[in-house]
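A short write-up of the structure that comes next.
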Amino acid sequence: MNLSDEVLGAARDLADRNNVTLTEVLRRAISTQVFLEEAQREGKAILLRDPVTKETERMIFR
């Protein structure tokens with residue numbers, strides 16, 4: 001697997017912050033992507049809402 005320095009750095013930061021291995025970071029990322037794509041394929045909306053402003057944004061994964 002080839003990862004840019006930026007992506008590898010982000011993965012390492014996630015691993016450190018969550019006290020997990022790089023392998024676990026990758027597993028979680030893949031699981032999350034699969035979940036989001038399946039939900040979208042089923043016609044579900046994936047939304048982000050700002051807790052302060054209550055502004056809502058629909059996420060679209062391609």
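The values are calculated or read from the model by the stated rules, or taken from the named source; none is laboratory data. For clarity, every value in this text was computed on a predicted model and none was experimentally measured. We place every Cβ from the backbone using ideal geometry, glycine too, and count neighbours over all the protein chains shown. Side chains are part of the model used for accessible areas, which takes the heavy atoms of the whole protein and leaves out ligands, DNA and RNA. Shrake-Rupley method; radii C 1.70, N 1.55, O 1.52, S 1.80 Å.
Some notes on this structure:
- For the residues Asn2, Asn18, the requirement of being among the polar types (S, T, N, Q) and either touching a helix residue (DSSP H, G or I) at 6+ places or on another chain (Cβ under 8 Å) or at pLDDT 95 or above (or both) singles out Asn18.
- Of all residues making up the range 29-57, the number that are within 19 Å of Asp5 (Cα to Cα) and open to solvent by 100 Å² or more (accessible area, probe 1.4 Å): 0
- Condition met for Leu26 (surrounded by 10 or more Cβ atoms within 10 Å (Cβ to Cβ), part of a helix (DSSP H, G or I) and modelled with pLDDT of 95 or more): yes
- Residue ID - surrounded by the most Cβ atoms within 10 Å (Cβ to Cβ), chosen from residues in the range 13-23 that are out of contact with any Leu (no Cβ under 7 Å at 6 or more places or on another chain) and of a type outside the set (Ser, Thr, Tyr): Leu14
- Some residue of the range 37-51 being modelled with pLDDT under 95 and touching a helix residue (DSSP H, G or I) at 6+ places or on another chain (Cβ under 7 Å): yes
- In the range 53-62, the qualifying residues are those that are assigned to a strand (DSSP E or B) and not charged (D, E, K, R), and the one that is modelled with the highest pLDDT is Thr56.
- For beta carbons closer than 9 Å, sequence separation of 6+ or different chains, a first residue in the range 34-52 that is assigned to a helix (DSSP H, G or I) and a second that is loosely packed, with under 10 Cβ neighbours inside 10 Å, the qualifying pairs are Gln40/Ile60.
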